[in-house]
Amino acid sequence: MKEYKGANSFSCERQTVVTIGTFDGVHAGHRKIIERLVNAAKANNLDSVVLTFFPHPRMVLQKESGIQLINTIEERKQLLEQTGIDHLVIHPFTHQFSRLTALEFVRDILVNKLKAKKIIIGYDHRFGRNRTADINDLKQFGEEFGFEVEEIGQQEIEEVAVSSTKIRKALMDGRVERANLYLQHPFTVTGTIVRGRGIGKDLGFPTANLEVEEEYKLIPKNGVYVVRCMIDGEPVFGMMNIGTNPTVGGKEKTIESFFFDLDKDLYGKYLQIELLVRIRDEKKFDSVQDLKTAMKQDQAFSRQYIKDNYA
């Protein structure tokens, strides 16, 4: 997969099949659409192109919305690379770009820059300044500029929309197993390991504090989770706490992971951690000893879960 920071830098000898979307989560519904894209490209001797945007349009046009996304842009790129597409174009979404008319978008971006011979798009897709154009307009442009439009039906598009909503809700409710089922891959959090207060070490559970830079990244409900992470090329399991550590007077929300059977300095490492299952809510215990007891129980549960599912 070749990646481009904007349509202006796109380069391809052959004409293309293009689909357009946010593809947050790159979940099962998205993969059906992308599979159709890849198959259409192969059948017609064309290259497959996914055109997506960053920042998310709502981050630019509706800043007050505080939108939370399933993936950071880096996570989205990794997932899209697994789908077999030839080209990924991440076009910068700006106020200026949002002012393009439908004609300018189709002619200048899809036809002249991306060399579209076929466009696969949802029945409800709207585009151009103030989102005034729809799929019927796109089909008319297709006749003018010589590209075919394949419409994705209402049922499939609604499945995609429902899936995205369900995934976000499941994560906010802490139901990470259900979210992973919809995604067809584990939900991840990605960031750099930074120094924390050292409380975990004092409790006998030295934790790695993950700093997620992207404010728009959806962080699941506070609680304790079983996790997995590739560290130096090896899969490592552990447990993660998302929350404020109320028993030891914590106030700021942190993401801390205790990795099993690992003796490595992780400070400064950039890690992508998969959340596998939620163990329990975060709670304030009556004493530090009660917290230690609970953490030992969490570890026992985690090790048994890993043995049952990954051994």
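The values are calculated or read from the model by the stated rules, or taken from the named source; none is laboratory data. Treat the numbers as computed from the prediction; the structure is a model and nothing was measured. Counting neighbours? That spans all protein chains shown, and the Cβs are built from the backbone with ideal geometry, glycine included.
Working only within region 144-155, note down all residues that are in a helix (DSSP H, G or I) and either surrounded by 16 or more Cβ atoms within 10 Å (Cβ to Cβ) or at pLDDT 90 or above (or both).
GLU144, PHE145 - these are the residues of region 144-155 that are in a helix (DSSP H, G or I) and either surrounded by 16 or more Cβ atoms within 10 Å (Cβ to Cβ) or at pLDDT 90 or above (or both).
Go over the candidates PHE23, PHE53 one by one and state the one that is in contact (Cβ under 8 Å) with a residue 12 or more places away in the chain, touching a Phe, Trp or Tyr at 6+ places or on another chain (Cβ under 8 Å) and either closer than 19 Å to SER163 by Cβ or in a strand (DSSP E or B) (or both).
The match here is PHE53.
What residue, among those in region 210-233 that are part of a loop (DSSP other than H, G, I, E, B), in contact with a helix residue (DSSP H, G or I) (Cβ under 9 Å, 6 or more places away or on another chain) and not hydroxyl-bearing (Ser, Thr, Tyr), is surrounded by the most Cβ atoms within 10 Å (Cβ to Cβ)? Spell out how you get there, then give the answer.
Pass one, region 210-233, residues part of a loop (DSSP other than H, G, I, E, B): 212-216, 218-222, 232-233.
Right, trim to in contact with a helix residue (DSSP H, G or I) (Cβ under 9 Å, 6 or more places away or on another chain) and you get 214, 216, 218-221.
Still in the list and also not hydroxyl-bearing (Ser, Thr, Tyr): 214, 218-221.
Values: GLU214: 14, LEU218: 20, ILE219: 13, PRO220: 22, LYS221: 17.
Here the answer is PRO220.
Out of the residues in region 58-78 that are under 18 Å from PRO220 (Cβ atoms) and surrounded by fewer than 19 Cβ atoms within 10 Å (Cβ to Cβ), state the one that is modelled with the lowest pLDDT.
Ranking the qualifying residues of region 58-78, first place goes to GLY66.
Sort through LYS251, LYS283, LYS296, LYS269 and tell me the only one that's closer than 23 Å to THR192 by Cα and free of Cβ contacts under 8 Å to residues at least 40 places away in the same chain.
LYS251
Does VAL277 satisfy the criteria of being surrounded by 14 or more Cβ atoms within 10 Å (Cβ to Cβ), among the β-branched types (Val, Ile, Thr), in contact (Cβ under 8 Å) with a residue 12 or more places away in the chain and assigned by TED's automatic domain parsing to the domain that holds THR190? Before you say what the answer is, go through the steps one by one.
Working: surrounded by 14 or more Cβ atoms within 10 Å (Cβ to Cβ): yes; among the β-branched types (Val, Ile, Thr): yes; in contact (Cβ under 8 Å) with a residue 12 or more places away in the chain: yes; assigned by TED's automatic domain parsing to the domain that holds THR190: yes.
Yes.
Find the residue count for region 94-129, including only residues that are surrounded by 19 or more Cβ atoms within 10 Å (Cβ to Cβ), of a type in the set (A, V, I, L, M, F, W, C) and assigned to a loop (DSSP other than H, G, I, E, B).
1
Read through the list (1) surrounded by 15 or more Cβ atoms within 10 Å (Cβ to Cβ); (2) within 27 Å of the chain's Cα centre (by Cα); (3) at pLDDT 95 or above; (4) not basic (Lys, Arg), then give the number of the only condition that SER164 fails.
Result: SER164 passes all but (3).
Can you name the number of the only condition in (1) surrounded by fewer than 19 Cβ atoms within 10 Å (Cβ to Cβ); (2) over 30 Å from ARG280 (Cβ atoms) that LEU138 fails?
Of the numbered conditions (1) surrounded by fewer than 19 Cβ atoms within 10 Å (Cβ to Cβ); (2) over 30 Å from ARG280 (Cβ atoms), the odd one out for LEU138 is (1).
Conditions (1) under 24 Å from the mean Cα position of the chain (by Cα); (2) under 22 Å from THR244 (Cβ atoms); (3) surrounded by 13 or more Cβ atoms within 10 Å (Cβ to Cβ), marked per residue:
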residue	(1), (2), (3)
ASP265	no, no, no
GLY268	yes, no, no
LYS292	no, yes, yes
ALA300	no, no, no
ASP308	no, no, no
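Quick one: VAL236 ticks every box in (1) surrounded by 14 or more Cβ atoms within 10 Å (Cβ to Cβ); (2) assigned to a loop (DSSP other than H, G, I, E, B); (3) of a type outside the set (Phe, Trp, Tyr) bar one, so which box is it?
Checking VAL236 against (1) surrounded by 14 or more Cβ atoms within 10 Å (Cβ to Cβ); (2) assigned to a loop (DSSP other than H, G, I, E, B); (3) of a type outside the set (Phe, Trp, Tyr), the one that fails is (2).
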